[in-house]
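All remarks here apply to the structure that follows.
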Amino acid sequence: MTFKRLSFGQDGEKRAVKFLKKNKYRILETNFTTKAGEIDIVAEQGGVLVFVEVKSRADNEHGHPLDAVTSAKQRKLIQVAERFRISNGLLGRDCRFDVVAITGAPEDPKSWKLELFQDAFRFHV
């Protein structure tokens with residue numbers, strides 16, 4: 001991964017946190033990591049625990065950012081979310097998975113478009 005792409009992803013996550021706060025999300029943690037993987041943002045909205053994946057793309061040439069959240073990626077996110085819930089005593093809490101999709105020129109943050117996909121996928125406890 002190039003520095004430019006890494007920076008775009010990191011800057012995108014920071015922008016996503018601000019965006020979510022404006023949309024009444026309470027941020028609980030960022031970059032929660034386990035051996036199974038990482039969840040970009042863990043938040044709460046309206047009493048629901050929300051696990052947020054942030055995907056950034058310079059353009060839609062390789063598909064929309066939401067397309068990158070494949071079923072395999074969803075399974076990994078669910079595993080990591082379960083670890084978070086277990087380690088924080090939150091197994092009984094309702095939860096959902098949202099995606100923040102960011103498109104735009106990496107070098108021009110003013111061009112970035114953020115889209116929020118609430119309940120992009122779900123798993124049942």
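Between 92, 37, 63, which is small (Gly, Ala, Ser), over 22 Å from residue 10 (Cα atoms) and free of Cβ contacts under 8 Å to residues at least 60 places away in the same chain? Before you say what the answer is, go through the steps one by one.
Details: 37 fails: over 22 Å from residue 10 (Cα atoms); 63 fails: over 22 Å from residue 10 (Cα atoms).
Checking each option against the conditions leaves just 92.
Among the listed residues 49, 77, 114, which satisfies the condition of being in a strand (DSSP E or B), within 21 Å of residue 14 (Cβ to Cβ) and touching a residue at least 24 places away in the same chain (Cβ under 8 Å)? First the steps, then the outcome.
On the way: 49 fails: within 21 Å of residue 14 (Cβ to Cβ); 77 fails: in a strand (DSSP E or B).
The match here is 114.
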Exercise for review: Please go through the range 1-29 and pick out each residue that is modelled with pLDDT of 70 or more and among the aliphatic types (A, V, I, L, M).
Suggested key: 16, 17, 20, 27, 28
Practice item. All but one of (1) touching a residue at least 60 places away in the same chain (Cβ under 8 Å); (2) not aromatic (Phe, Trp, Tyr); (3) not in a helix (DSSP H, G or I) hold for residue 12, so report the exception by its number. Key: (3)
**Study point:** Among (1) in contact with a Gly (Cβ under 7 Å, 6 or more places away or on another chain); (2) farther than 20 Å from residue 23 by Cβ; (3) at pLDDT below 95; (4) not small (Gly, Ala, Ser) - the single one residue 80 does not satisfy
**Key:** (3)
Point to revise | the range 66-106 - residue that is exposed (fewer than 13 other Cβ atoms within 10 Å of the Cβ) and in contact with a helix residue (DSSP H, G or I) (Cβ under 8 Å, 6 or more places away or on another chain) and, of those, farthest from residue 49 (Cα to Cα) | key: 105
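Step by step: first the residues of the range 107-122, then only those that are surrounded by 13 or more Cβ atoms within 10 Å (Cβ to Cβ) and within 19 Å of residue 62 (Cβ to Cβ), then the one that is modelled with the lowest pLDDT. Which residue is that? Please lay out each step first, then the result.
Restricting attention to the range 107-122, the residues satisfying the condition of being surrounded by 13 or more Cβ atoms within 10 Å (Cβ to Cβ) are 109, 112, 114-118, 120-121.
Okay, now just the ones that are also within 19 Å of residue 62 (Cβ to Cβ), so 112, 114-115, 117, 120.
Values: 112: 84, 114: 92, 115: 94, 117: 96, 120: 94.
Among those that are surrounded by 13 or more Cβ atoms within 10 Å (Cβ to Cβ) and within 19 Å of residue 62 (Cβ to Cβ), it is 112.
The values are calculated or read from the model by the stated rules, or taken from the named source; none is laboratory data. Every value quoted in this text rests on a predicted model; they were computed, and no experiment measured them. We place every Cβ from the backbone using ideal geometry, glycine too, and count neighbours over all the protein chains shown.
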